[in-house]
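K.L.:
My structure is below; once you've seen it, I'll send some questions.
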Amino acid sequence: MSLSVPRRALPPLNAVRAFEAAARLGSFKEAAIELGVTHGAISQQIRLLEDRLGAPALFWRSTRRITLTPAGTALLEEIGPALDRISAAVQRHRATNGAVPAAVLRVNALATFSMRWLLPRLSRFRDERPDIEVRLTTSNDPIDALADTFDVVIRGGPDSFHGFASRLFLSERRLPVCSPALIAKLPLNEISDLAQHTLLNVTSMPRLWRDWLRQAGQARLTPAGTLTFDHFFLTIQAAIDGLGVAMGPTALIGDDAAAGRLIMPFPEVSLPARSYFAYLPSGSERGSQTAAFCDWLEKEGRQSAGSATAA
């Protein structure tokens, strides 16, 4: 048994447009000019609308002017905004060639992670899901210190934040990396050869080299020099440019290692590091756009881990 859907009781659109123009302008003549028709056509369309609607009349008419009746005023208050919405919908359709507007996904991620890992891959997500527009903001602030609300916040972990669920998508370790050109000038055959090199540091993690050298059994090693930078991405770039040897996070140098811009002279010794998590406001993880983005992060994370291992 099928249920019939009642048809909308709509008056002719031309009659509606004629009424709205005449009511808004207070003149049949001005309405005719605006719509590009004759005065008589406006009068005819409004009579058609009044006949369709029945009493009461929409206008009080005199020899010199027209005035809206209370019924006409009430109808204009409904019809005017409706026509505005139709006009806006047509303009959007023309501007987008009929494409459905993309859903906006607001993402906040760490600055170095965004530059070294997320941005180089983001075009692949756009190709897979053109219906989702990712609006990326970078910040190193803790989640509970963010002033704005985001659909996805990418930070290290595992951590717990009240009101947030989390999804692990990328793990990493830290180990020495440098450019092939640097190795060609100053070979690194043994860990002790680091004494001939400049070690690159980042201010936010001043103990990285000390901890790694201790784990490698070279706690007393003194390098030829040191350079310190205030961001990890500057340290990595300095290594690519041959300024020294950096402690490279495997997740963030994987692409450079695969492309041959960086090499790992001592891959057998590495430090554990925090993993990358997508933190989601509780309940939002079930949203289709958020779930699609997190699924994509996990897929890219698996591929990234495979590339880093192969390099």
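The values are calculated or read from the model by the stated rules, or taken from the named source; none is laboratory data. Model, not experiment: these values are computed from the prediction. Cβ atoms come from the backbone with ideal geometry, glycine included; neighbour counts cover every protein chain shown.
K.L.:
Would you mind telling me which numbered condition in (1) in contact with a helix residue (DSSP H, G or I) (Cβ under 9 Å, 6 or more places away or on another chain); (2) closer than 20 Å to Asp255 by Cα; (3) modelled with pLDDT under 95 Arg126 fails?
P.N.:
Only one criterion is unmet by Arg126, namely (1).
K.L.:
Further question on the same structure: Does Arg85 satisfy being under 16 Å from Val152 (Cβ atoms) and among the charged types (D, E, K, R)?
P.N.:
The answer is no for Arg85.
K.L.:
Picking from Ser179, Ser171, which residue would you name as being surrounded by 15 or more Cβ atoms within 10 Å (Cβ to Cβ), at pLDDT 95 or above and at negative phi? Step through it out loud before you land on a result.
P.N.:
On the way: Ser171 fails: at pLDDT 95 or above.
Among Ser179, Ser171, only Ser179 is surrounded by 15 or more Cβ atoms within 10 Å (Cβ to Cβ), at pLDDT 95 or above and at negative phi.
K.L.:
Between Ala273, Ala278, which is surrounded by 15 or more Cβ atoms within 10 Å (Cβ to Cβ), aliphatic (A, V, I, L, M) and within 26 Å of Arg126 (Cβ to Cβ)?
P.N.:
Ala278
K.L.:
For Asp148, indicate whether it is at pLDDT below 95, assigned to a loop (DSSP other than H, G, I, E, B) and surrounded by 13 or more Cβ atoms within 10 Å (Cβ to Cβ).
P.N.:
In short, no.
K.L.:
Since Pro206 meets every condition but one in (1) outside any strand (DSSP E or B); (2) buried (at least 19 other Cβ atoms within 10 Å of the Cβ), which condition does it not meet?
P.N.:
(2) is the only condition that Pro206 fails.
K.L.:
Restricting attention to segment 1-38, report how many residues are part of a helix (DSSP H, G or I) and at pLDDT below 85.
P.N.:
Result for segment 1-38: 0.
K.L.:
Where residues in segment 66-84 are of a type in the set (Gly, Ala, Ser) and out of contact with any strand residue (DSSP E or B) (no Cβ under 7 Å at 6 or more places or on another chain), which of them is nearest to His39 (Cα to Cα)?
P.N.:
So the residue we want is Gly80.
K.L.:
Follow-up question, since we're still on this one. So which of Trp117, Trp60 ends up being more than 11 Å from the chain's Cα centre (by Cα), of a type in the set (Phe, Trp, Tyr), assigned to a helix (DSSP H, G or I) and surrounded by 11 or more Cβ atoms within 10 Å (Cβ to Cβ)?
P.N.:
Trp117
Residues are listed down the side, and each one gets a yes or a no for (1) more than 18 Å from Asn201 (Cα to Cα); (2) of a type in the set (A, V, I, L, M, F, W, C):
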| position | (1), (2) |
| --- | --- |
| Asp230 | no, no |
| Ile236 | no, yes |
| Ala259 | yes, yes |
| Ala291 | yes, yes |
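K.L.:
If I go through segment 164-184 residue by residue, how many of them are in contact (Cβ under 8 Å) with a residue 24 or more places away in the chain and out of contact with any Ser or Thr (no Cβ under 7 Å at 6 or more places or on another chain)? Outline the logic, then answer.
P.N.:
From segment 164-184, those in contact (Cβ under 8 Å) with a residue 24 or more places away in the chain are 164-183; that's our starting set.
Subset that is out of contact with any Ser or Thr (no Cβ under 7 Å at 6 or more places or on another chain): 166-167, 169, 176-183.
So the count comes out to 11.
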